[in-house]
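Presented below is the structure to which this report refers.
The values are calculated or read from the model by the stated rules, or taken from the named source; none is laboratory data. Computed from a predicted structure; not experimentally measured. Neighbour counts are summed over all protein chains in view; Cβ atoms, including those assigned to glycine, are modelled from backbone coordinates with ideal geometry. These area figures cover heavy atoms from the full protein model, side chains too; ligands, DNA and RNA do not enter into them. Shrake-Rupley method; radii C 1.70, N 1.55, O 1.52, S 1.80 Å.
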Amino acid sequence: MILTHIHQEIKQIANLEKSLLLRLVVSGIGVLFLTWISVLIQFGKPPSFSQELYYWAGLTLTTPILYFTGLPFLRSHIPGISPLRLSIDIPLMVALISSYFYSLYITLLFSDNYAYFDSILMIVFIVYASRYLEVFCQRRVGRLVRNLSKLPSEQVKIMKADDQFHASQLKDIKVGDKLYISPGECFPVDGFICDSDTSVDESMLTGEAHAIPKFANEKVRAGTYNLDKAVTIQATSIFSTSYFGKILASIQSKHINIQPQLPCDHIALWHLLISFTLAGAVYCWWLPFDNAYALFCAIGVLLTTCPCAIAISYPLVTASLLEVCAKKGILISNPLVFLKLAEVEQILFDKTGTLTEGNLVVNEVEYCNQAEKKEVLPLIAVIEKNTHHPIAHAIVQYAIQQFVQLPDIEIHRLCVFPGNGIRAMVEGKFILIGSARWLRKNGIFVPTDVIEAEEEPSHRDHIFVHCAIGGIEVARIQLKDKLRQDASDVVRFLRQRNIEMRVLSGDRPVIVNAIAKQLGAIAATAQALPQEKEAQVASLQDQGYVTAMVGDGLNDAPALKRADIGIAIGASNPISVLCADITLQIPGLKLIPECFLLSIKARKILKQNYTLALAFNLIMLPFAAFGQLSTLIMLIGICLSTLMVMANAARLKFTSSVSSKASHTV
């Protein structure tokens, strides 16, 4: 299966969501029951609810629930079970386990001090609620990403011993097999054309915006698309050893499934040390007076400084961020990477389909020899409609814009000449549509000065199509892959933030340099192969730069995977979508400023949440140190700190000014 790790991740997220939901429900039931008993005891109604009943009920419920819900935390931090890493879960679990054993001690000795069973379960419930919300949003966004990244069919037509083509699987192809490829189909393996000729779209591999003519015995590569005619190819590779397959293999080999370091994890050690230091100081202060009271106050300090609000900050901000971005057409596959977008120093752009529209459009039409637009253009479009060539598609779209509906005309003797043009007969007249030199070879007069003007260096990024009817030239059509309207605005936005930019393209130098010049003389690299794009990204990373790659083609996939932040735009190649951390559903670059501003806003809210959580801990700390925290007050404190963090994280959903800021800045 292509990119098996992607499918494994999908299953892992689904299993994680089920696991979190189960633990959330179990801890929630325990919290409801213990909180109910705690409130009744606190207010003394009814009298039959004694402190001893609460202790034993708490111990009975908390022991299995804490074991069941806390096991994943412990497993993720025990050396030998998983790679040892320091995260905010460690001080969280230390506080919970310490409070549990203290409450167990109180229960067994029938002490008058408070036990914290309900507080323990409340913290567990809140942490699981925030993480379930995060995973739930990730799964919803993941479903949208998968809808954008449907891979081509693995069905192929292979010639068998009976000299007939039979439907087979991609994995069944062997070197030497003959395959039937229809117009518009993708070549599944590398090979050479056995008969006929055609044009091939190689833009997803090379970045070359124009179709390439291919003739008998010429090589074609997997991942490119057949355009003009049905052809038979002989396989020179299997899928895994094809050019396309090697790119996928390189992407797969770079996938390392490790647990990410969250923004709050870097304070975990300091938080643990400070909590133990404060608890130890409080214990030593009260020890000369009363050992039991000293222990009670010390555990109260540990539970008060428990980083519950800090631990839920990232999941809550992530959930809000995923929802806000999805509504704007920004799909985030990796929220942690999205937060890093604010740190980007170097951003690299693909050209074809990223900075440019990626599709040829008619730039200008000139009619000659007294030909009229209403007679010539619909006729050209009707003929071109019968081919799969990008030039034909552009001309048809232009004609539809001009006339809305094309006439119903019968076409005879249609013949495609790859790399040259197309010939057909309509109403007894031969119509030729193609290059000027091809028309000349067929006896059509095209002025020499017209041909020389078209071949000037300034026109090398243009395509010129000529049309002749009945032996007379009637139209000259100029096509071009246009720069996106929002490209210049986005470049200006990035420049204002001192972000360096580069253009990486597999297209010809003259075209790439022309695009770079239009954008303000930014650095450009032409005729870059996929591995060369990846090498450029790696080189910048070795120099210490935080990099982002923006692309849409298969040839961009290795660079998207290698970059610190990979951004796939519009109707990208499915592999590019799967390799990217961020997918922009709306074609174009206008959402890139939105991404930067949302990343900055999310980081700011995350830091505010950490500050709020720590401030609340400091406020509650004196009460805990002097033994003034009952179980009910502790519960109220935990809920208040959680509500503050939730309310602040929810502000991200109401940041309506982000879009206006982006447009104003741009």
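Hey, could you grab the Kirkwood Rh for segment 434-509? Inverse mean 1/r over distinct alpha carbon pairs, Å, one decimal.
Values: mean 1/r = 0.0645 Å⁻¹.
It works out to 15.5 Å.
Just round it to a whole percent: the fraction of Cα-Cα distances in segment 386-525 exceeding 21 Å. Kindly include the intermediate steps, with their values, before the conclusion.
Working: 5434 of 9730 pairs.
That fraction is 56 percent.
Amide H neighbours of VAL220 under 5 Å, at least 5 residues apart or on other chains, H built in the peptide plane: list them.
HN-HN under 5 Å from VAL220: GLY191, PHE192, ILE193.
For the chain, report the % of Cα-Cα distances exceeding 49 Å.
It works out to 33 percent of all Cα pairs.
Tell me which residues come under 5 Å, amide H to amide H, from GLU473 once H is placed; ignore anything under 5 positions away on its chain.
So GLU473 has HN proximity to PHE445.
Largest first, how would TRP286, TRP270 line up by accessible area (1.4 Å probe)?
Accessible-area ranking of TRP286, TRP270, largest first: TRP270, TRP286.
Sorted by average packing, counted as other Cβ atoms within 10 angstrom per residue and highest first, what order do 371-382, 340-351 take?
Working: 371-382: 17.2, 340-351: 22.3.
Ranking the peptides 371-382, 340-351 by packing returns 340-351, 371-382.
Which net charge results when you count Lys and Arg as +1 and Asp and Glu as -1 among the other residues whose beta-carbon is under 11 Å from that of PRO587? Before the final figure, lay out each step's value.
Values: positive: ARG484, LYS590; negative: GLU357, ASP486, ASP552.
Cβ neighbours under 11 Å give a net charge of -1.
With every protein chain left in place, what is the accessible area per residue of the chain in square angstrom, probe 1.4 Å? Working shown, then result.
Details: 30070 Å² over 666 residues.
Heavy-atom accessible area per residue stands at 45 Å².
Net charge within 10 Å of SER576 by Cβ-Cβ distance, Lys/Arg positive one each and Asp/Glu negative one each, not counting SER576 itself? Walk me through the intermediate numbers first.
Details: positive: LYS561; negative: ASP350, ASP552, ASP556.
Taking every Cβ under 10 Å from that of SER576, the sum is -2.
For a 22 Å ceiling on Cα separation, which of these pairs sit above it: LYS351/LYS604; LYS11/LYS607; LYS340/LYS590; LYS157/LYS229?
On the way: LYS351/LYS604 33 Å; LYS11/LYS607 32 Å; LYS340/LYS590 19 Å; LYS157/LYS229 16 Å.
Over 22 Å apart, Cα to Cα: LYS351/LYS604; LYS11/LYS607.
Going toward the positive end of the dipole of the chain, with +1 on Lys and Arg Cβ and -1 on Asp and Glu Cβ, which of ALA161, ILE88, LEU339 do you reach last?
ILE88
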